[in-house]
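Chemist: Before I ask anything, here is the structure I am working with.
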Amino acid sequence: VIATQRVDGKRTRRSMLAALLAAIPARAFAQDGTLRVENAWSRVAAAGRVGVVYLTIVDSGAPDRLTAVASPVSATASLHESFDDHGVAKMRSVATLPVEAGKPVTLAPGGYHIMLTGLKEPLNQGDEFPVTLIFEKAGQVTATVTVRKAGAGMPMGHDVMGGPSMRDMPMQGGPRQ
Amino acid sequence: MLVYFGYTFCPDVCPTTLNEVADALDHLGPKADRLQPIFITVDPKRDTPAVVKQYTAAFTPRLVGLTGTPEQVAEVAKEYRVYYAEHRTGPGPNDYSMDHSSILYLMGPDGNFIAPIRADETGAEMAADIARFLS
């Protein structure tokens, strides 16, 4: 199970993981198996800097709420939302993010994202690292994040909504702080 | 010139926009030789010249990054009518994000404003908008 992967083992296990990931998208299951994290990806960033994680949460059970995020690669990890307020780009922290069956929640560029601050090591293209999402009811779900190039957009072929671009996709979710 | 104001501790929007700018240069092909993309930080306290240089290089070596004293940044922002402000997120000196105008500015060789370019466009869309002015 990918969820048990440790970050310090990522380099030695990469070839095994790569083979695994070639066959299936990055995913992990909560203990009750009803919350799934798919297509977790990040961007190249230098040590000490900020990083980002994007992913999709698929809930096939009861409604739940994402309440916290964590990753061993950074000093802090927090849920944020970017938005354009009358021509001004703003970013605010998000306390909780509701999820429910039938409505996948996608964290994507220009909207919800996980911000990593104080990266302990550089994130290089092709690297993989774990991120843990903590849900109010389901508990922890850990997924493997794949690092893509600086400023990379949504990966092609992983669009759960079936559209050509996530850019115009409305985001579901809760109030910002 | 294609001028964008942002900051390097911006994890989401600024890298997304700058990557699309790099894509736009690719789409413009030889025409891009006449376009100088410029990133100006609105966070001069944290964005030193070395930080900005490393940051811009990750997108395209053609992107020039600029920083300065807080007064110099305020001056250039005023000339471009750019809004920016700290948004505090905690008690620490670095616990803040920056709100900033999201638009890009297409400027002529004479330094005069030509047209705004939307920051939420794809590189191809930006290139099409810019190409209209690179006749």
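Chemist: Please list, by residue number, everything in the range B:47-77 whose backbone N is under 18 Å from a paramagnetic label point 7 Å out along Cα→Cβ of B:Gln36.
Modeler: Only B:53, B:56-57, B:60-68, B:73, B:76-77 fall inside the zone, counting backbone N under 18 Å.
Chemist: Next question. Can you work out ³J(HN,Hα) from phi for every residue in the range A:120-130, in order, using Karplus 6.51 cos²θ - 1.76 cosθ + 1.60 and θ = phi - 60°, giving whole Hz and x for Gly and Pro?
Modeler: Per-residue couplings from phi come out as 7, 8, x, 9, 9, 3, x, 5, 10, 8, x Hz.
Chemist: Continuing with this model, one more query. Measuring from label point to label point, each 7 Å out along Cα→Cβ, what is the A:Asp85 to B:Ala50 span in nm?
Modeler: Reported label-point gap for A:Asp85 and B:Ala50 is 3.4 nm.
Chemist: Which percent, to the nearest 5, of DSSP beta bridges fully inside the range B:33-104 are antiparallel?
Modeler: Values: 5 of 8 bridges.
Bridges in the range B:33-104 are about 60 percent antiparallel.
Chemist: As a quick test, which of the pairs A:Lys103/A:Lys149; A:Lys103/A:Lys137; A:Lys90/B:Lys78 have an alpha carbon distance above 21 angstrom in this structure?
Modeler: Numbers: A:Lys103/A:Lys149 29 Å; A:Lys103/A:Lys137 17 Å; A:Lys90/B:Lys78 19 Å.
Among A:Lys103/A:Lys149; A:Lys103/A:Lys137; A:Lys90/B:Lys78, the Cα-Cα distance tops 21 Å for A:Lys103/A:Lys149.
Chemist: Still on this structure: Which residues among the range B:114-135 fall inside the zone where the amide N is under 15 Å from a point 7 Å beyond the Cα of B:Tyr80, along Cα→Cβ?
Modeler: B:114-120
Chemist: Search the structure for amide H atoms under 5 Å from the amide H of A:Leu107, placed 1.01 Å from N in the peptide plane, and list their residues when 5 or more places away or on another chain.
Modeler: A:Leu55, A:Thr56, A:Ile57
Values in this text are rule-based calculations from the coordinates and carry no lab data. Here the structure is a predicted model, which means the values were calculated and not measured. All Cβ positions, glycine included, derive from the backbone under ideal geometry; neighbour counts span all protein chains shown.
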